Amino acid sequence: MPRNILIAEDDEQVRQVIRVALERAGYDVCEAADGEEARRALGAASFDLVITDIVMPGKDGLETIMFLRRNHHGTPVIAISGHDNPLFLSNAAGLGATHVLAKPFTPSRLLDLVAHVLTKAPATRAAEVGEAHP
C-alpha cells in the first residue's frame, strides 16, 4: 500500500527533485510551497510523513512542526535545511522533528531516511515522536 507524504518546500526545483524521487519509489506525494499550504493540506488529507524545509516565507518549517505536534502528534516529520546556521536543524529537532537532514543531500539518502522513518511509524500513526537524529 503506498504511503502518503507531504512535502513543504518553497524552492520549486528542490520540491520537484524530492517529489520525483519519492514517486519513483512508489510513494504518493502532495506538495506545499510553504507552511500555510502545508496546514491546508493537513486539514484536507491524512499523511504518513511530512518533509518540511525550515526556512520558508510566511509560515516556516518550525511553525509547521509545532502545528503538527499540536494537531497530528503521531505524524513523523523530516526537517530539511540548507541554511548555514546549524541551529535551524537543532531547533527543529527540539520542537519534535523525528529526523533532520542538512541540504544538500542525495535523493538516495532521503529515500533511505524516509524508508527508515516509515518502517518505525506504523500506518496507524502510533509513531515514536521526538526521536531526532541530526
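The values are calculated or read from the model by the stated rules, or taken from the named source; none is laboratory data. Because the structure is a prediction, the values reported are computed rather than measured. Heads up, the Cβs are rebuilt from the backbone with ideal geometry, glycines too, and the neighbour counts pull from every protein chain shown.
Scan the range 37-50 residue by residue and report those that are more than 14 Å from the chain's Cα centre (by Cα) and not in a loop (DSSP other than H, G, I, E, B). Within the range 37-50, R40, G43, A44 meet the criteria. Of all residues in the range 59-92, those satisfying the criterion of being among the small types (G, A, S) and closer than 21 Å to I18 by Cα are G61, A79, S81, G82, A92. Please verify whether the range 9-20 includes one or more residues that are at pLDDT below 95, surrounded by 15 or more Cβ atoms within 10 Å (Cβ to Cβ), more than 17 Å from V100 (Cα to Cα) and out of contact with any strand residue (DSSP E or B) (no Cβ under 6 Å at 6 or more places or on another chain). Scanning the range 9-20 turns up no residue that is at pLDDT below 95, surrounded by 15 or more Cβ atoms within 10 Å (Cβ to Cβ), more than 17 Å from V100 (Cα to Cα) and out of contact with any strand residue (DSSP E or B) (no Cβ under 6 Å at 6 or more places or on another chain). For the range 30-43, the condition holds for at least one residue, the condition being that it is in contact with a Lys or Arg (Cβ under 8 Å, 6 or more places away or on another chain), farther than 19 Å from T98 by Cα and crowded, with 19+ Cβ neighbours inside 10 Å.
Residue by residue, here is whether (1) over 12 Å from the mean Cα position of the chain (by Cα); (2) crowded, with 18+ Cβ neighbours inside 10 Å holds:
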{"site": "R70", "(1), (2)": "yes, no"}
{"site": "G74", "(1), (2)": "yes, no"}
{"site": "I80", "(1), (2)": "no, yes"}
{"site": "F88", "(1), (2)": "yes, yes"}
{"site": "T98", "(1), (2)": "no, yes"}
{"site": "A102", "(1), (2)": "yes, no"}
{"site": "F105", "(1), (2)": "yes, no"}
{"site": "S108", "(1), (2)": "yes, no"}
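Filtering the range 51-102 to residues that are among the hydrophobic types (A, V, I, L, M, F, W, C) and either assigned to a loop (DSSP other than H, G, I, E, B) or more than 20 Å from A33 (Cβ to Cβ) (or both) leaves I54, V55, M56, L87, L89, A93, L95, A97, V100, A102. Cβ-Cβ contacts under 9 Å between residues 6 or more apart (or on different chains), taken from a first residue in the range 13-32 that is among the polar types (S, T, N, Q) to a second residue that is surrounded by fewer than 19 Cβ atoms within 10 Å (Cβ to Cβ), are listed as Q16/E31.
Could you tell me whether any residue of the range 52-59 is closer than 14 Å to L110 by Cα, of a type in the set (S, T, Y) and either buried (at least 16 other Cβ atoms within 10 Å of the Cβ) or free of Cβ contacts under 8 Å to residues at least 60 places away in the same chain (or both)? Don't jump to the end; show me each part of the working.
The initial filter retains those residues of the range 52-59 that are closer than 14 Å to L110 by Cα, namely 52-53.
Going one step further and asking which of them are of a type in the set (S, T, Y), we end up with 52.
Add one more test, that the residue is either buried (at least 16 other Cβ atoms within 10 Å of the Cβ) or free of Cβ contacts under 8 Å to residues at least 60 places away in the same chain (or both), and what stays is 52.
Among the residues of the range 52-59, at least one is closer than 14 Å to L110 by Cα, of a type in the set (S, T, Y) and either buried (at least 16 other Cβ atoms within 10 Å of the Cβ) or free of Cβ contacts under 8 Å to residues at least 60 places away in the same chain (or both), which makes the answer yes.
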